[in-house]
Structures are given as C-alpha cells and as structure tokens.
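Presented below is the structure to which this report refers.
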Ligand SMILES: [Mg+2]
C-alpha cells in the first residue's frame, strides 16, 4: 500500500515513516507542504497530513483532493497539533476520515491507520 | 473563575515530552526574565494571535540537552545543532503551543498558531512578540535542563 506522509517538519515525517515501516508499510512517499503533496499523488492509497504548513496548509490540500475526480476517494488521516473540537469537526466536514492530535504515540498512529484502511 | 494562563503550557510540555519523546521531565520554580538573552544554544519560538490572548512561547535548550532528546526521540544520534535538530525543536514548540491551545479552547479562549522559528548560537537573543514580561520556566530531564519562555498579552478590551 502506497502511503503519502505530508508534514512541514522533517522530524515529524521521520517519526511517522519509522513507525509505519516498523509495522510493515514499505511504499512510503513524503512531502513538506500541500503543493508538494499534490505533485506526488500518483498511486497513493492513503494520505497522512499535517494541518499547519507553509505554502499550502493541510486543510486546503484536503479540499483540493476532494475536488479531484481521481483522488477524492483516497482515505485521509489528519495529524496535527490542532486539537480543538471546532478544528476536528471542520476537518471531518471537509472529508478527513480520521484525526490524530500531536503529541501521539506509535500505537495510536498504527491503530488509526489500520482502522482507516479497513473502512 | 480565575484562569491560569501558564499551566496549559506546562501541561503541554509534560505531555509532549512524555508521549512524543518518551521522557519524564520535572519543573522548577518560574522566574521573570531580565533581558532578551536565552539560557540555551538553540531556541524554537512561535507566535499566538487571538482576539483575547496573544503573544509568543519559546523553548530553549543547551546543546547537550537537545542532542540527548534528539537521540531519544528519533533513535539516531546527532553531534551538532544540525538542520534536523533545528527542525525537531521547531516541531516541539509547535506541539507545546498547539497542546496548550487545545486546553485553552475548552475555556473558550482561542488563538491562531504561527509557523515556528528556530534560532541557534550560544547565548543568543530572542525577541518575543510583545515587550511584555517574560516568564521563564525551567525544566529538567535527568541532567538535561531546558527552559520555556512565555510572553502573553491579554487583550482585555476584546471579548474572549
Ligand atoms: Mg506543521
């Protein structure tokens, strides 16, 4: 399964990617903002994206995906420091399938990934 | 009800270090900072902008402390304040200010987060958003100290 990890922090991408790798996911691509992410969508089956990023933020990126005939059905998990109820509701309204608030531990991440891809 | 504007940030530091890094940190007595110099060699600072609460929060680490934390968090060692280490400091301050935001939201107070900025160098200057008093809160993990700086302005004319 091809997974795209989007976060402006290299550290955060590293942590997420290492966790996914340790659980057997090996087809992983990464991007530092929404624009870079949109350019790397080919073949992607699951998107994990940050919210606050320069150039194009995660919510705008999600809206772009949802407007695309090709990408609109790809499951999306948002991983962000934005933990307020309002933000979570807004993200879900835009079509995000699951939501993880930073700081998170590895088990939470893998659990949400599993739940998201199994429908 | 009197609101404690410092505790949400303290809680967020404990939570970030515990969950993301896997370490238990302890907190020391806060003090008021007298100048703009930091106690650390690397500092991440982030702005908050809200109708009621505005300001900035910084996390500053001596080099040895942050290298130890980096190793613990990433599982690889670093021997200098590399771009990776700088990035991690930026993300840590992001998680702390974001974590506090979640707690403030429950009290009906909201603010926007800026993108974190990182500065390095021995005893460097950090400019907070306002010329308000800066509260410094010392933390420690084993023999590795670091400090959080908080400078908050409450805009009392606005409704929270
Ligand atoms: Mg970010």
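Exposure proxy check: B:14, B:146, B:139, B:61 ranked by fewest other beta carbons within 10 Å?
Working: B:14 16, B:146 25, B:139 20, B:61 28.
Ordered from fewest to most neighbouring Cβ atoms within 10 Å, B:14, B:146, B:139, B:61 come out as B:14, B:139, B:146, B:61.
Antiparallel versus total DSSP beta bridges in the protein assembly as shown: what percent is that, nearest 5?
65
Peptide A:83-90: average number of partner chain Cβ atoms within 10 Å per residue?
Values: counts 7, 8, 3, 2, 5, 1, 0, 0.
Taking the mean over all residues of the peptide, I get 3.
Residue A:39 to residue B:80: FRET efficiency via 1/(1 + (r/R0)^6), r the Cβ-Cβ distance, R0 51 Å, to the nearest 0.05?
On the way: r = 32 Å, r/R0 = 0.63.
Using R0 = 51 Å, I get an efficiency of 0.95.
FRET efficiency for residue B:142 and residue A:72, Cβ-Cβ distance as r, R0 = 45 Å, nearest 0.05?
Values: r = 49 Å, r/R0 = 1.09.
Rounded to the nearest 0.05, the efficiency is 0.35.
Is there a simple number for the mean count of other chain Cβ atoms within 10 Å of the Cβ of residues in B:69-79, and what is it? Intermediate results must be reported in sequence, preceding the final value.
On the way: counts 0, 1, 0, 0, 3, 5, 3, 2, 0, 0, 0.
Taking the mean over all residues of the peptide, I get 1.
Report, to the nearest 10°, how far helix B:83-106 tilts away from the longest principal axis of the Cα atoms in chain B, using its own Cα long axis and a range of 0 to 90°.
On a 0 to 90 degree scale, this one is about 30.
If I fit a long axis through the Cα atoms of helix B:7-16 and take the longest principal axis of the Cα atoms of chain B, what angle between them do I get, 0 to 90°, rounded to 10?
Around 30 degrees separate the two axes.
What do you get for the angle between helix B:63-74 and the principal long axis of chain B? Use alpha-carbon atoms, 0 to 90 degrees, nearest ten.
Once rounded, the angle reads 90 degrees.
Taking the number of other C-beta atoms within 10 Å as the exposure measure, put B:141, A:51 in order starting with the fewest. Before the final figure, lay out the partial values.
Details: B:141 17, A:51 25.
Ascending Cβ contact count within 10 Å gives the list B:141, A:51.
Got a sec? How would B:79, B:18, A:50 order by Cβ neighbour count within 10 Å, fewest to most? Don't skip to the answer; put the middle values down first.
On the way: B:79 9, B:18 14, A:50 29.
Result, fewest neighbours first: B:79, B:18, A:50.
What is the distance in Å between the Cα centres of region A:1-51 and region A:104-119?
Here the two parts' Cα centres lie 14 Å apart.
Read-outs: derived from the displayed coordinates by stated rules, not from any lab. Values in this document were obtained by computation on a predicted structure and should not be read as measured data. As a convention, Cβ positions derive from the backbone with ideal geometry for all residues, glycine included, and neighbour counts pool all protein chains shown.
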